[in-house]
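Visitor: After the C-alpha cells below, expect a handful of questions from me.
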Amino acid sequence: HVQLVESGGGLVQPGGSLRLSCAVSGRNVSDNTMGWYRQTPGKPREFVAIIFSHGGTNYADSVKGRFTISRDNTKNTVYLQMNTLKPADTAVYYCHADVTPERYWGQGTRVTVAP
C-alpha cells in the first residue's frame, strides 16, 4: 500500500522560500518517478516538477530556476525547494508517485504567498 504525506506548506512573503516534503511509504522513492503538481480553485492540477528513478529532473517553465526537486533515499522522502516565491505560486501542492500503472497522490499541502 503506497502512502504519501506532504508537509512544509504555509504562508510566506513574496521573495521568500519554503521547502515541501513528501514522505513515502510502501515504495522506495529511488525506484519510482516522483513529482509535484499544484492546484488553485477552479483550475486543473498543474505540473510543477518531476524526478525520475535515474535521477533526472524536469520543471514547468514557470518555476525553472526557482524550484528544485530532490530526494533523500535514506529518508524515503522527496522535497521541493521553492525560492523567490511569487503570489502566482499560491496553490495546494500535491506529491505523486508513479507505480505503474498507478499514480498515487498525497493529500496536499497549502502554500500561500502574500505580503
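Visitor: Per residue, how much accessible area does the chain show when a 1.4 Å probe rolls over the protein heavy atoms, in square angstrom?
Guide: On a per-residue basis, the chain sits at 52 Å².
Visitor: Report for the chain the percent antiparallel among DSSP-assigned beta bridges with both residues inside it, nearest 5.
Guide: Roughly 95 percent of the DSSP beta bridges within the chain come out antiparallel.
Visitor: For the range 42-88, with equal point scatterers placed on the C-alpha atoms only and solvent neglected, what are the log10 I(q)/I(0) values from the Debye formula at q = 0.22 1/Å, to two decimals?
Guide: Per q value, in the given order, log10 I(q)/I(0) is -0.85.
Visitor: On to the next question. Which ³J(HN,Hα) values, rounded to whole Hz and listed in residue order, are derived for the range 51-65 from phi using the Karplus coefficients 6.51, -1.76 and 1.60 in 6.51 cos²θ - 1.76 cosθ + 1.60 with θ = phi - 60°, glycine and proline given as x?
Guide: 10, 8, 4, 7, x, x, 10, 8, 9, 5, 4, 5, 10, 4, x
Visitor: Which ³J(HN,Hα) values, rounded to whole Hz and listed in residue order, are derived for the range 90-106 from phi using the Karplus coefficients 6.51, -1.76 and 1.60 in 6.51 cos²θ - 1.76 cosθ + 1.60 with θ = phi - 60°, glycine and proline given as x?
Guide: 4, 4, 8, 9, 10, 8, 9, 10, 9, 10, 3, x, 9, 10, 9, 10, x
Visitor: Continuing with this model, one more query. Once phi is turned into ³J(HN,Hα) by the Karplus curve 6.51 cos²θ - 1.76 cosθ + 1.60 with θ = phi - 60°, what whole-Hz value does each residue of the range 79-89 show in order, with x for glycine and proline?
Guide: 10, 10, 7, 10, 10, 6, 5, 10, x, 5, 7
The values are calculated or read from the model by the stated rules, or taken from the named source; none is laboratory data. Quick caveat: nothing in here was measured; it's all calculated off a predicted structure. The protein model used for the area step is the full one, side chains on, heavy atoms only, and it has no ligands, DNA or RNA in it. Shrake-Rupley method; radii C 1.70, N 1.55, O 1.52, S 1.80 Å.
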